[in-house]
1. Roughly how many nanometres apart are two label points built 7 Å out from the Cα toward the Cβ at ASP91 and ASP23?
2. Please list, ordered by chain and number, the residues whose modelled amide H lies under 5 Å from the amide H of LEU151; skip anything fewer than 5 residues away on the same chain.
3. Report the FRET efficiency, 1/(1 + (r/R0)^6), for GLN154 and THR100, where r is their Cβ-Cβ distance and R0 is 25 Å, rounded to 0.05.
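Quick note: the coordinates plus some simple rules give every number you see, no bench work behind them. All values derive from a computational prediction rather than experimental measurement. Virtual Cβ from ideal backbone geometry, glycine too; neighbours counted across all protein chains shown.
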Amino acid sequence: MTALRPESDPPVDALDLRFRAGDDVALREAYDRYGRAVLHLATSMLANRSDAEDVTQATFVAAWLGRDTFDPAKGSLIGWLLGIGRRKVIDRMRASARETRVVETVRQLPEPARTDPDPDRVVDRLVIADELARLPDDQRHMLELAFYDDLTHQQIATVTGVPLGTVKSHIRRGMASLKRRWEVDGAAPGPRPAGISGAR
């Protein structure tokens with residue numbers, strides 16, 4: 001009777017090893033094999049198909065340039081690529097938010113037919129953008145996604161991969177910091193600026 005061999009960890013995919021070693025052919029194979037999965041991730045988070053395609057390309061460029069940091073023994077190539085892809089999606093969303101801040105500010109103003117424009121409200125929103133830049137990275141990032149992209153807490157958790165409870169905590173602390181700065185700067189008390197949602 002043939003003795004049973006002890007179970008061992010599954011072998012690392014040869015493609016993963018060749019990619020890590022800098023094999024040009026492996027890059028093409030990785031794109032053919034995993035490009036669709038990265039694109040699916042991007043399109044599920046971004047409304048613009050063109051942006052999703054750009055993110056997919058940027059993901060593979062970043063992965064190839066940073067292949068020395070990929071350790072096949074710690075995880076699969078697809079998992080590593082999706083992690084990079086998620087970060088690239090977040091970068092694209094933040095860049096888009098920065099580019100459209102002025103447009104969004106104007107768009108969210110009350111319509112003249114219903115009420116007179118409030119110049120102070122426009123100034124308040126611009127001040128908020130400046131105050132956001134002073135917050136710690138984690139708090140600022142979460143508030144930007146909520147404020148400029150109007151994402152819910154659950155959507156932010158999905159996009160960033162951060163646990164929902166942590167997202168809520170960062171937003172709560174960030175809002176508290178903004179409120180303190182707002183009061184210290186002598187801003188007139190009033191309703192919370194539109195765009196920053198409460199618990200959702």
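1. Taking the two extended label points, one gets 2.7 nm.
2. ALA146
3. Values: r = 23 Å, r/R0 = 0.91.
With R0 = 25 Å, the Cβ-Cβ based efficiency is 0.65.
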